[in-house]
1. 5 Å is the cut-off here: which amide hydrogens, built 1.01 Å from N in the peptide plane, fall below it relative to LEU59, excluding neighbours closer than 5 in sequence?
2. Using Cα atoms only, what is the angle between the long axis of helix 102-123 and the major principal axis of the chain, expressed in degrees (0 to 90) to the nearest 10?
3. What's the angle, to the nearest 10 degrees (0 to 90), between helix 500-511's Cα axis and the longest principal axis of the chain?
4. Which of ALA382, THR118, LEU80 sits farthest toward the positive end of the charge dipole of the chain, with +1 on the Cβ of Lys and Arg and -1 on the Cβ of Asp and Glu?
5. Run the Debye formula on the Cα coordinates of the chain, all scatterers equal and no solvent, and tell me log10 I(q)/I(0) at q = 0.08, 0.09, 0.10 1/Å.
6. List the residues whose amide H sits under 5 Å from the amide H of VAL94, counting only those 5 or more places along or on another chain, with H placed 1.01 Å from N in the peptide plane.
7. Angle check, please: helix 11-25 long axis (alpha carbons) against the longest principal axis of the chain (alpha carbons), in degrees 0 to 90, nearest 10.
8. Count of lysine pairs in the chain with Cα atoms under 25 Å apart, counting only pairs 8 or more residues apart in sequence or on different chains?
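Here, each number is a calculation from the coordinates, and none is a lab measurement. It should be emphasised that the depicted structure is a prediction, and the values quoted were computed from it without experimental measurement. In this analysis, Cβ positions are derived from the backbone assuming ideal geometry, glycine residues included, and neighbour counts consider all displayed protein chains.
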Amino acid sequence: MTHGYMFSGSGSNVYVQNLCRALVCGGHEVHLLCQEPDPLSYDFVDAHATADSGGTGVLGERSTPYPGRCVVYNPVIGDLLPVYVYDEYPGWRVKTFLDLTQEELDLYLEANTAALETVARESGAPAAVTNHSVPGPLIARRALGGLGVPYVSIVHGSCLQYVARRSPLYMELAREGLAGARRILALSRHSAGTIAEDFPHLAGRTVSFPGGVDTDLFRPDALDPALPRELRGGAGRGPEQARALLELQERGPETTGELAERLASIAATYDARAHDRDAGERLERLFAADGPLVVYVGKLIHSKGVHVLFQAFARVRRRTGARLLVVGFGTFREALQALTLALGTGDGRLLSLVARSGRLLEGGVEAPLEHFEPGPGLLREAEGMHEDVEFIGPLYHEDLARLLPAAEVSVVPSIFPETFGLVAAEEAASGVVPFVANHSGLSEAAAIIGKGLPFPLAVGMEDFGENLARALIKYLGLPEEERRLSRETVRRNCVEHLGWERLAGRLVRLCAGEE
């Protein structure tokens, strides 16, 4: 199996981690090529090695409790890590694929092709699985063609949306790689339709392949009151950054450019991939407070629509006394922190600057926040809101599973097409009812998770913020017994339809050409 990245920090990373664990749990042998720096810290990994044209080199081994076996190989590719959406990765020089020079791209492809060929020869694997539409399938076609090893390709969302569709070069590389695949696996019917639009001649080989939830890890009884005590200290955001944001507000930036610069300077003072230093203390206060808990889990970037959730939450809080917990990291975090502060303190000037800046505050081009309507009415509704919104930074799966059951409801407010609502499924497996934006793969996830509910989980995008507020207020106003039955329903649907064991078994059949 190929995957160019790590085991955590993004949806596709977690997907690959859990898929490999499920395969090993089923007694299969997996040889995974990726750049996870510490694979032996994961319970399903038996060995860690490097791979290049000269062979493989073992870095460590241990035994695991699983009947199968997983070896993780880091292809030797130098210090450059190409990505679909820019983010910082410690120890790497990061560039988006669209920013690579031709020489950098060629070297990256050659190194990964050599590593895959080496692993395929040494392991004798009868089939391969690639992740992402570009360049994984192309690498597999080049490395495995001469060995007669077939491959199937799992297409995640970011590679097509952020790279291939924006570049004729990468679209052609994706076409070349996918054309050699035995099967193309789309994580939803929506994703399958997108692939058919881009590659109509490959539609007959494309199948919908939804799912992927660890229903043993994510479960309603996994709530752990001891978790906050473990989330103290570290290198994440802390009181110093909170004070710096208050000082920014007091000294008022005059332009969008100045705001972007000053927020970036705050973000540079902590490790965004670590939980907040005082996350535990603030979680304890949040849990002790009255009112239902709403949770958002995911990347903190403009396209995830967290700013729309804030607009809706202003009214939800007024009507229900709810509190909001934001779990995640991303280049838009400081903008969202500033937005929360502006809304809660009635600072129309700062609110206007953030709303006008939009993607500029995550390193992009200045443009207004999408699906967001600032104004006096919103400021009146949001008065004091910042006191009931807590950001705690990222939590990885084991800790997240211990936290989610504390929530009454969750929201996936993405305003950009999503392959599938995997986060919503994990929340539902934890017994948390998830409301999602009604588009792309999120709609399909909502249909599966919400089967049998008397209300829809998908929220219409026309006047999205208003619709989201109405949906949350209506659900939180239901009698406790109805909400309990709803939690049981979404949990049951995940167990029956979206578990990893089911997905792994089907993948094996697809690799063998049995489907």
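1. Here the answer is HIS48, ALA49, THR50, since their amide H atoms fall under 5 Å of that of LEU59.
2. The angle comes out at about 60 degrees.
3. Tilt of helix 500-511: around 30 degrees.
4. Farthest towards the positive end: ALA382.
5. -0.50, -0.64, -0.79
6. When sequence neighbours closer than 5 places are left aside, the close amide H contacts are LEU81.
7. So the helix axis and the longest Cα principal axis differ by about 50 degrees.
8. Details: LYS95/LYS299; LYS95/LYS304; LYS304/LYS451; LYS304/LYS474; LYS451/LYS474.
For the chain, the number of qualifying lysine pairs is 5.
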